[in-house]
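Below: one structure, written as structure tokens.
The values are calculated or read from the model by the stated rules, or taken from the named source; none is laboratory data. Source: prediction; values computed, not measured. All Cβ positions, glycine included, derive from the backbone under ideal geometry; neighbour counts span all protein chains shown. Heavy atoms of the whole protein, side chains included, go into the accessibility calculation; ligands, DNA and RNA do not. Shrake-Rupley method; radii C 1.70, N 1.55, O 1.52, S 1.80 Å.
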Amino acid sequence: MKRVAARLADRPRTVLIAGGAGELAEACARRFEAEGAVVLGERVGPMGPIPERLDGLVAIASADPEGPAGTPGEAARLGRATAALDTLLTAAHPALDRAGGAVVVVVPGIGPAGSGADPVPAILAAAGAALVRYRAVDWAPRVRVNLVPAAGARPSPLGTGPVRPEEIAEAVYFLAGEGARFITGATLPVDRGAGLYWTMGGAGDGSGASADGEGGTPNTK
């Protein structure tokens, strides 16, 4: 048994990053590759190749951009996004289950700057959290499932600059690692504390924290 465990420990993790492309996917890929993981994903196709055995899945959920008047509205966009996320999780589950001890991290994509009036990204994050809690119970104990919502440029206790993809990737990597082996069904927001203003009934307008300094350094005064 000890020899088998040693062989599994020596095998590099296989992680699929799927559902989105761009800087966020690349930041997550770089973080896992830095620790020796084999990363599959958007470099190959929209869902990426799903191998027989999969140790991790980073599922980036994003909604269609807003269209002109007369095009399908918010409900249709949200429905497509949640359906795509559920399809991705369902397709990957057999490979995750074979690995045992595998992990899924759902990451709602960050909306573009100035998209604060669009409610769909925030609703998608809430829908993703509900799906994560359901799957965490349904797939336990062989697969853990967690959520990392982020936020664009909006007032927060730590400044108004947008969250960088690298900051999100660090949270994703933590939840996928051994140090989070007892965490499942959880939501770990990487939003510089912006969600506090919502949960406090809109308290705070960012006046207590100035914009980030040069280089994106968070202002914590």
Seminar exercise, completed: Scanning the stretch 43-56 for residues that are at pLDDT 75 or above and open to solvent by 30 Å² or more (accessible area, probe 1.4 Å) gives ILE50, PRO51, GLU52, ARG53
Problem set entry | Subset of the stretch 28-42 [outside any strand (DSSP E or B) and modelled with pLDDT of 90 or more] | CYS28, ALA29, ARG30, ARG31, PHE32, GLU33, ALA34, GLU35, GLY36, ALA37
For this session: Please verify whether the stretch 135-144 includes one or more residues that are of a type outside the set (D, E, K, R) and in contact with a His (Cβ under 8 Å, 6 or more places away or on another chain).
Result: yes
Exercise. Out of curiosity, is PRO121 of a type outside the set (Phe, Trp, Tyr), more than 29 Å from ARG142 (Cβ to Cβ), surrounded by 21 or more Cβ atoms within 10 Å (Cβ to Cβ) and at pLDDT 80 or above?
Worked result: yes
For this session: Select from the stretch 126-146 the residues that are open to solvent by 10 Å² or more (accessible area, probe 1.4 Å), closer than 27 Å to ALA76 by Cβ, among the small types (Gly, Ala, Ser) and in contact (Cβ under 8 Å) with a residue 40 or more places away in the chain and list them in ascending order.
Result: ALA127, ALA129
Exercise. Just one of ALA59, ALA92, ALA25 is open to solvent by less than 40 Å² (accessible area, probe 1.4 Å), in a strand (DSSP E or B) and modelled with pLDDT of 85 or more; which is it?
Worked result: ALA59
